[in-house]
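Q: Quick one: the structure is below, questions incoming.
The values are calculated or read from the model by the stated rules, or taken from the named source; none is laboratory data. In this text, all values refer to a predicted model and were calculated from it rather than measured experimentally. Positions of Cβ are generated from backbone atoms using ideal geometry, with glycine treated the same way; all protein chains shown enter the neighbour counts. Surface areas here come from the heavy atoms of the whole protein model, side chains and all, with no ligands, DNA or RNA. Shrake-Rupley method; radii C 1.70, N 1.55, O 1.52, S 1.80 Å.
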Amino acid sequence: MGKRRNILFFTSSEYGQANVILAVAYELLALQQYEVHIASFEPLRQRVDGLNKLFPQDGIAVIFHSIVGQAALNALVAKDEFIGPYSPGVRGALNTYRVTLPAMADTWTEAEYMSSYQSCLDIVSSVEPNIIIADPLMSQGLEACNTLSRKHVILSPNTFLELLRKKQSLFS
């Protein structure tokens, strides 16, 4: 049997974003034909360990790579600023657009972001994956893929509508 293909996943550690990555990693692990790597922030490690416990100990396990820095949710909480949730309706939506979305776009300081980005570059270099599958909100991982000109696929729990809004202007 030849060398197993390496698959690297970059994902946020938050449940909503990580679930789809963990589901696909589970299916690939069940095949026992691939070397599966998941790179994320430390809070996801426990869930990856739980995934590995679902398979025989003598089989292939998912390899977890911890990205340096705080997970997005932890970084937002550390700012100690109220960013929501707001009440439903027009006023709540306006507050979300005015306060929550800008805070999420500015989750990390420049130094924190660059540290995580460098960590992603290091992970790609050490794993040498055949393909990278990335959560679209894991911008440090996506930037590492682009910097290193690595093939990657976007895997998201969201629909194309949410993803394409970033690419297409309102009146185009």
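Q: Mind listing whichever residues of region 51-64 are at pLDDT 90 or above and either over 18 Å from the mean Cα position of the chain (by Cα) or at positive phi (or both)?
A: Once the filter is applied, which keeps residues that are at pLDDT 90 or above and either over 18 Å from the mean Cα position of the chain (by Cα) or at positive phi (or both), region 51-64 yields Asn52, Lys53, Leu54, Ala61.
Q: Which ones in region 120-146 are modelled with pLDDT of 90 or more, part of a loop (DSSP other than H, G, I, E, B) and either of a type in the set (Gly, Ala, Ser) or on the phi < 0 side of the Ramachandran plot (or both)?
A: If the condition is that a residue be modelled with pLDDT of 90 or more, part of a loop (DSSP other than H, G, I, E, B) and either of a type in the set (Gly, Ala, Ser) or on the phi < 0 side of the Ramachandran plot (or both), then Pro129, Asn130, Asp135, Met138 are the ones that fit.
Q: Quick check on Ile60: is it β-branched (Val, Ile, Thr), farther than 23 Å from Leu137 by Cβ, in contact (Cβ under 8 Å) with a residue 40 or more places away in the chain and open to solvent by less than 60 Å² (accessible area, probe 1.4 Å)?
A: Judged against the criteria, Ile60 is a match.
Q: Go through (1) more than 14 Å from Ala71 (Cα to Cα); (2) modelled with pLDDT under 90; (3) open to solvent by less than 40 Å² (accessible area, probe 1.4 Å) one by one and return the number of the condition Arg91 breaks.
A: Going through (1) more than 14 Å from Ala71 (Cα to Cα); (2) modelled with pLDDT under 90; (3) open to solvent by less than 40 Å² (accessible area, probe 1.4 Å) one by one, Arg91 breaks only (3).
Q: So, one more: So, Glu35, is that one more than 12 Å from the chain's Cα centre (by Cα) and open to solvent by less than 70 Å² (accessible area, probe 1.4 Å) or not?
A: Judged against the criteria, Glu35 is a match.
Q: Right, next: Which residue is most open to solvent (accessible area, probe 1.4 Å), if the candidates are limited to region 13-32 and must be among the hydrophobic types (A, V, I, L, M, F, W, C) and over 27 Å from Leu76 (Cα atoms)?
A: The qualifying residue most open to solvent (accessible area, probe 1.4 Å) is Leu31.
Q: Can I ask one more? With Val48, Val77 as the choices, which residue is surrounded by fewer than 19 Cβ atoms within 10 Å (Cβ to Cβ) and assigned to a helix (DSSP H, G or I)?
A: Val77
Q: Hey, among the residues in region 105-119 that are closer than 17 Å to Ile83 by Cβ and either at pLDDT 95 or above or out of contact with any helix residue (DSSP H, G or I) (no Cβ under 7 Å at 6 or more places or on another chain) (or both), which one's surrounded by the fewest Cβ atoms within 10 Å (Cβ to Cβ)?
A: Ala105
Q: Under the condition of being surrounded by fewer than 14 Cβ atoms within 10 Å (Cβ to Cβ) and touching a strand residue (DSSP E or B) at 6+ places or on another chain (Cβ under 7 Å), which residue from region 132-153 is farthest from Leu28 (Cα to Cα)?
A: Lys151
Q: Still on this structure, please answer the following. Tyr97: more than 18 Å from the chain's Cα centre (by Cα), of a type in the set (Ser, Thr, Tyr), more than 17 Å from Val127 (Cβ to Cβ) and loosely packed, with under 12 Cβ neighbours inside 10 Å, yes or no?
A: yes
Q: Anything in region 147-172 that is closer than 23 Å to Gln70 by Cβ and at pLDDT 95 or above? List them, or say none.
A: Listed by number, the list holds a single entry, Thr147.
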